[in-house]
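Readers should treat all values here as calculations from the given coordinates under stated rules, not as data from a laboratory. In this text the structure is predicted, and so the values were computed from the model without any measurement. Note: ideal-geometry Cβ built from the backbone for every residue, glycine included; neighbour counts use all protein chains shown.
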Amino acid sequence: MRAAVVTSFNAAPQCQEFPTPVAGEGEMVVTVLASAIHPRVRSQADGSHYTSTDELPLVPGIDGVGRTAEGEVRYFILPDTALGAMAEQTLIDPRRSVVLPGDIDPVLIAAAMNPAMSSWIALRRRIDFTPGSRVLIMGATGNAGRMAVQVARRSGAGHIAVAGRNPHQLAQLASLGADAVIDLGCSETVAHELAAVGRDVDVVLDYLWGEWASKALYAIVPARDDDAQQLTWIQIGSITGPESPIPSAALRACNLRLIGSGQGSVSPHDIVTELPALATEVTSGEYDLPVRAVPLDDVTAAWEEAATTDTRLVLTP
Ligand SMILES: NC(=O)c1ccc[n+]([C@@H]2O[C@H](COP(=O)([O-])OP(=O)(O)OC[C@H]3O[C@@H](n4cnc5c(N)ncnc54)[C@H](OP(=O)(O)O)[C@@H]3O)[C@@H](O)[C@H]2O)c1
């Protein structure tokens, strides 16, 4: 079969022949319909993800949509494996998949599930989200942040602030439901704006980490109106770096709760439990996400393009 194959962690995958999979115990072969190129897959393919096993050659792709031999359409999440979703066929564990309506758009599902899951799972599985809560999304200009604005709005957030460095994308987020916009590129105003939003924010969805988690906490903690009000900071992505120098006083000076959301902090069972509702949600027609299908044969060019485009690229074998 044809597959996107990584033979070096320093090079983009190439479409080439790869052994056709044979199902073992507890496994099922699916014909892949769609699999998205997203940051988690890129970190799998360059060996930098914390779950990387360094095994090569590797077919990337940690989730996707496939058709079973019985004709069911399933969204699946893969374990850490050298045979990922970016192939004509792959092996799934049916317990880590959900059956979708047969007429669902596989490209939309493949594009939307990973970025939407990041906030959906965080708000539903890592905290007890109260409608009316005030939310700040750090690093909101990517696909996950864009979906987070919409997930937060539809979850009943009382106020949504977004922070990012791309003014064009930030303007779009305002039209998707963001009430306040913070331009991280504007060094004269950013601390003041973070403080203004942070004085009564309840939940931070943080896709940036790195220097920005630290800078934001330095701005927000002294500005809190009520130090006893809980401020739940959910670490989700690390676009600006895997480490952040968090001031120790931040954890003493206000009711700050620092948690993360992702594979491991949420069990596979809990993630799978959320998938049917999430699939229904992202195909409700209420979400705006730029998506484009690309033939699997063009994976190398798509890989380069995905690093710069705002559109979520989805490989279709
Ligand atoms: N834990 C989870 O469950 C989970 C699930 C999905 C994703 N994630 C993580 O969430 C993060 C975002 O994913 P995504 O799908 O949204 O990725 P994406 O679509 O590639 O977006 C990343 C965005 O980051 C912005 N960015 C890059 N450098 C920046 C900087 N220095 N300051 C501010 N913004 C910057 C870019 O926007 P501009 O270039 O326009 O500024 C880009 O649009 C990734 O780290 C991903 O691994 C976590």
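Here the Karplus curve 6.51 cos²θ - 1.76 cosθ + 1.60, taken at θ = phi - 60°, turns the phi angles of region 26-42 into couplings of x, 10, 9, 7, 10, 7, 6, 9, 6, 8, 8, 8, 10, x, 4, 5, 5 Hz, with x standing for Gly and Pro. Placing +1 on the Cβ of every Lys and Arg and -1 on the Cβ of every Asp and Glu, with nothing else charged, gives the chain a dipole about its Cα centre of roughly 560 debye. From the square roots a ≥ b ≥ c of the eigenvalues of the alpha-carbon gyration tensor of region 46-138, which class results: rounded (a/c under 1.5), prolate (a/b over b/c), or oblate? Cα axes put region 46-138 in the oblate bin. Summarising the strand pairing of the chain, around 45 percent of its internal DSSP beta bridges are antiparallel.
Note on the chain: dipole from Cβ charges, positive end direction compared against Leu231, Gly260, Met138; the farthest Cα belongs to Leu231. Overall, region 115-260 carries a charge dipole of about 480 debye about its Cα centre when +1 sits on the Cβ of Lys and Arg and -1 on the Cβ of Asp and Glu, all other atoms neutral. Taking the longest Cα principal axis of the chain as reference, the axis of helix 143-154 is set at about 60 degrees. The angle between the Cα long axis of helix 106-121 and the longest principal axis of the Cα atoms of the chain comes to about 40 degrees, rounded to the nearest 10.
Provide the FRET efficiency to the nearest 0.05 for the Thr273-Glu27 pair, computing r from the beta carbons and using R0 = 22 Å. For R0 = 22 Å, the calculated efficiency reads 0.55. Amide H to amide H, with H built 1.01 Å from N, Leu315 comes under 5 Å of Ser35, Ala36, Ile37, Val294, counting only residues 5 or more places away or on other chains. Working note: Karplus 6.51/-1.76/1.60 with θ = phi - 60° gives region 220-237 the couplings 7, 4, x, 8, 4, 5, 9, 4, 7, 5, 5, 10, 9, 9, 9, 7, 10, x Hz, where Gly and Pro are set to x.
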